[in-house]
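Enquirer: The structure is given below, and queries will be raised subsequently.
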Amino acid sequence: MTSFDTECLRRAIALSRTHMQGNAGGPFGAVIARDGRIIGEGWNCVTSTNDPTAHAEVVAIRNACRDLGSFSLAGATVYTSCEPCPMCLSAIYWARIERIVYANGRDDAASIGFDDAFLYTEIALPLEQRAIPMQRLLADEARAVFDEWAARPDRVPY
Ligand SMILES: Nc1nc2[nH]cnc2c(=O)[nH]1
């Protein structure tokens, strides 16, 4: 850990407080940095934008990717006021972010009514034991589109 790490994490916590107090959404803030420079910031906007995916980390990823004109944040670190939930963790992986520094944990989030810890338990369960039923249909028809994409010379992999 460097003093820059501490500075970025404090900034994420400050964003969580400021925008929670401004009623943007839940008390979560995130900062993304690369090469000693902040490239994105975000805070939870779920309730103010009616977007259940607008978690702080996802918002920070969207902002950084938009500003950089890139769908990859390879080489970056995300600083977040709370351990990422499984959705945000997946988004972090998809963005190719390489390091996570966090403050509150999933049990802290659970203690104030958020489902982060529950979701980690849920996704570790076998499909048939999860709260949301999943049914597979039309696999052949959907697979044909995948095969078409895989055969496209101009596809952009991510
Ligand atoms: N880490 C994190 N956990 C959450 N749980 C609910 N919203 C959020 C969020 O924005 N960030």
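Enquirer: From Arg66, Arg11, grab the single residue that is more than 24 Å from Val156 (Cα to Cα), of a type in the set (Lys, Arg), at pLDDT 95 or above and open to solvent by 70 Å² or more (accessible area, probe 1.4 Å).
Expert: Arg11
Yes/no per residue for (1) of a type in the set (Gly, Ala, Ser); (2) touching a residue at least 24 places away in the same chain (Cβ under 8 Å):
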| residue | (1), (2) |
| --- | --- |
| Gly22 | yes, no |
| Gly26 | yes, yes |
| Gly40 | yes, yes |
| Asn44 | no, yes |
| Gly75 | yes, yes |
| Val78 | no, yes |
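Enquirer: Taking Ile92 as the residue in question, decide whether it is surrounded by 20 or more Cβ atoms within 10 Å (Cβ to Cβ) and out of contact with any Phe, Trp or Tyr (no Cβ under 8 Å at 6 or more places or on another chain).
Expert: yes
Enquirer: Residues that are more than 12 Å from the ligand (Cβ to nearest atom) and in contact with a strand residue (DSSP E or B) (Cβ under 8 Å, 6 or more places away or on another chain): find the helices (runs of 4 or more DSSP H) completely inside segment 1-102 holding 1 or more of those.
Expert: 3-21, 56-68
Enquirer: List, please: which pairs have Cβ atoms under 7 Å, are six or more places apart or on different chains, and start with a residue in segment 110-124 that is among the β-branched types (Val, Ile, Thr) and assigned to a helix (DSSP H, G or I) and end with one that is open to solvent by less than 50 Å² (accessible area, probe 1.4 Å) and more than 9 Å from the ligand (Cβ to nearest atom)?
Expert: Note: pairs meeting the criteria are Ile123/Pro86.
Yes/no per residue for (1) surrounded by 10 or more Cβ atoms within 10 Å (Cβ to Cβ); (2) more than 30 Å from Gly105 (Cα to Cα):
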{"site": "Asp116", "(1), (2)": "yes, no"}
{"site": "Leu127", "(1), (2)": "yes, no"}
{"site": "Arg130", "(1), (2)": "yes, no"}
{"site": "Pro133", "(1), (2)": "no, no"}
{"site": "Asp140", "(1), (2)": "no, yes"}
{"site": "Ala150", "(1), (2)": "no, yes"}
{"site": "Pro153", "(1), (2)": "no, yes"}
{"site": "Pro157", "(1), (2)": "no, yes"}
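Enquirer: For a quick check of your reading of the model, give me the residue pairs whose first member lies in segment 146-158 and is within 25 Å of Leu73 (Cα to Cα), whose second is part of a loop (DSSP other than H, G, I, E, B) and basic (Lys, Arg), with beta-carbon atoms closer than 8 Å and at least 6 apart or on different chains.
Expert: Final answer for the pair search is Trp149/Arg155.
Enquirer: In addition: So for segment 122-141 (the condition being within 16 Å of the ligand (Cβ to nearest atom), at pLDDT 95 or above and within 21 Å of the chain's Cα centre (by Cα)), does at least one residue qualify?
Expert: yes
The values are calculated or read from the model by the stated rules, or taken from the named source; none is laboratory data. Everything numeric here is computed off the predicted structure, so don't read it as measured data. Positions of Cβ are generated from backbone atoms using ideal geometry, with glycine treated the same way; all protein chains shown enter the neighbour counts. Calculation scope for accessible area: heavy atoms of the full protein, side chains included, ligands and nucleic acids excluded. Shrake-Rupley method; radii C 1.70, N 1.55, O 1.52, S 1.80 Å.
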